[in-house]
Amino acid sequence: MITPAYSFTATERVLPRLALDFTTASLDSRVTVTRTLNTATRFNSTGAIELVNANLPRFDYNPSTLVCRGLLIEESRSNGFFNSVLAKSGSLPSSWSQSIPGGTQDTTTSIYGSSDGSTAWTQTANNERPFFIPNGALTISANTSYFLSLYLETNPNGFEVRNVVNYNSLPSGTAQWYIDGVAVSNTTIPTAPCRVGILFSVGATGGTIYPRIGIGGQALATGTIKFSRPQWEIGAFATSYIPTTTTAPVTRNADVASMTGTNFSSWYNATEGTFYSEFDLIATTTAGGGVAFMATDGTKNGYGFYKGSVSSSISTIVGANTSVIGSVTVGDIQKAILGYNSTNIRSILNRNGLFTTATGSVGTLSRLNLGRSWYAGDFMAGHIRKINYWPQKLTDAELTANAY
């Protein structure tokens, strides 16, 4: 949405000078988006995963409700699973006596490890059967997080997602299940379609594992499931799907969105102002610290919101000063607003109450970074819905009203 430029008037307490609404699936002409390589995807307005070419914004839709979630911003990641474009469906065998194949993954016919999947199953004492094997044996490094995920498209028999099965035991560390980005217990039954994942948090000792996703809860039963788009990536959470078709990993580069030059200076007021942001996160780990925006001079100086070292906390940035103003939940829409002048900084996150941050020198600000803070590697993982700006500090009552 492109907003007109006009002089500072009392009307701007109702109508902000800058109003970016990415839920309309359109890009304001003053915003520049760059992302090299044609390897990024999104959910489109029909709920299908589609490829988005380089240097184009990714307006991502909820695949269930088909509502636009806004501008998707992610850090760079790579999918280490080969031929991930091959979907697989089939019946679970009535006999579970076959052993799991090891060695190199079959890169031409199946993501099971065999052409029809019949040898990709085994029975354990707990009735847990693995049905996903990426690339055979994988080398893992110490003190590193890995995330294994796939899309479960159909599961009519209600098979449960279960513990990691026969993964050669992590040399050190833990494994945690996730359904659609939320940590779950071993007995959670996913409602397909959903994205199933496992976070491998490797400790001080690396090694080799055969990571697997398993099902259970239906003792010796048969049934049909379908899954697709497996992904093996370094990181503590799953990012958007990266298609692979060869015997090598494929990288999706980061989404870099900003407003610079007169596209920034035409609406920014250095003396006082108010920033409003509306966003959601797909993960609340310590990675991906930039949340929604940061107005900056190219250094740590500036105004913005930052997801700090506590995994779910949100802090304001005012120059070199920060203040924790609340916490967030994956997938929930967040509303954060900050008003500033030379003597007073006030901010609020959702309904958490107003916070005061110490004033500090912010330098001569020259740009608005969307979805990241001041340095290059600090990207959020989520959707920017809206960014508004008033060229004056709103009152406490107005700040509170806008955060609800």
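The values are calculated or read from the model by the stated rules, or taken from the named source; none is laboratory data. Since the model is a prediction, treat every value here as computed from it, not as a measurement. Don't worry about glycine lacking a Cβ; one is built from the backbone with ideal geometry, like all the others, and counts go over all protein chains shown.
Annotations for the structure displayed:
- Boolean, VAL161 is under 24 Å from the mean Cα position of the chain (by Cα), at pLDDT below 70 and not in a loop (DSSP other than H, G, I, E, B): yes
- Residue pairs whose Cβ atoms lie under 7 Å apart, separated by 6 or more positions or on different chains, with the first residue in segment 380-398 and within 21 Å of ASP60 (Cβ to Cβ) and aromatic (Phe, Trp, Tyr) and the second modelled with pLDDT of 95 or more and crowded, with 18+ Cβ neighbours inside 10 Å, do not occur.
- Subset of segment 225-260 [of a type outside the set (Lys, Arg), assigned to a strand (DSSP E or B) and modelled with pLDDT of 95 or more]: THR251, VAL256, ALA257, SER258, MET259, THR260
- Restricting segment 32-49 to residues that are under 17 Å from the mean Cα position of the chain (by Cα) and outside any loop (DSSP other than H, G, I, E, B), the residue that is surrounded by the fewest Cβ atoms within 10 Å (Cβ to Cβ) is ILE49.
- Filter pass, ASP28 being at pLDDT 95 or above, surrounded by 14 or more Cβ atoms within 10 Å (Cβ to Cβ) and either of a type in the set (Phe, Trp, Tyr) or touching a Lys or Arg at 6+ places or on another chain (Cβ under 9 Å) (or both): no
- Residue match in segment 276-293 (condition: of a type in the set (A, V, I, L, M, F, W, C), over 20 Å from GLU74 (Cα atoms) and surrounded by fewer than 22 Cβ atoms within 10 Å (Cβ to Cβ)): no
- Only residues that are free of Cβ contacts under 8 Å to residues at least 60 places away in the same chain, in contact with a Lys or Arg (Cβ under 7 Å, 6 or more places away or on another chain) and not in a loop (DSSP other than H, G, I, E, B) were counted across segment 60-86, and they come to 1.
- Consider segment 189-219 and keep the residues that are modelled with pLDDT of 70 or more and among the hydroxyl-bearing types (Ser, Thr, Tyr). The one that is nearest to SER64 (Cα to Cα) is SER201.
- Of all residues in segment 34-67 being out of contact with any Phe, Trp or Tyr (no Cβ under 8 Å at 6 or more places or on another chain) and of a type in the set (Gly, Ala, Ser), the one that is nearest to ALA381 (Cα to Cα): ALA40
- Segment 172-188 - residue that is closer than 14 Å to LEU152 by Cβ and out of contact with any Lys or Arg (no Cβ under 9 Å at 6 or more places or on another chain) and, of those, modelled with the lowest pLDDT: THR188
- Residues of segment 47-61 that turn out to be at pLDDT 95 or above and over 17 Å from PRO243 (Cβ atoms), as a count: 4
- Flag if SER327 is within 17 Å of the chain's Cα centre (by Cα) and surrounded by fewer than 16 Cβ atoms within 10 Å (Cβ to Cβ): no
- Selection from segment 351-388 of residues that are crowded, with 23+ Cβ neighbours inside 10 Å and either farther than 17 Å from LYS307 by Cα or aliphatic (A, V, I, L, M) (or both): LEU368, LEU370, MET380, ALA381, ILE384, ILE387
- On inspection, GLY339 qualifies as closer than 14 Å to ASP396 by Cα and among the small types (Gly, Ala, Ser).
Yes/no matrix, rows are residues, columns are (1) within 17 Å of the chain's Cα centre (by Cα); (2) assigned to a loop (DSSP other than H, G, I, E, B); (3) at pLDDT 90 or above; (4) not small (Gly, Ala, Ser):
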site: TYR306; (1), (2), (3), (4): yes, no, no, yes
site: SER315; (1), (2), (3), (4): no, no, no, no
site: SER323; (1), (2), (3), (4): no, no, no, no
site: SER347; (1), (2), (3), (4): no, no, yes, no
site: ASN369; (1), (2), (3), (4): no, no, yes, yes
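- Condition check for GLY371: touching a Phe, Trp or Tyr at 6+ places or on another chain (Cβ under 7 Å) and on the phi > 0 side of the Ramachandran plot: yes
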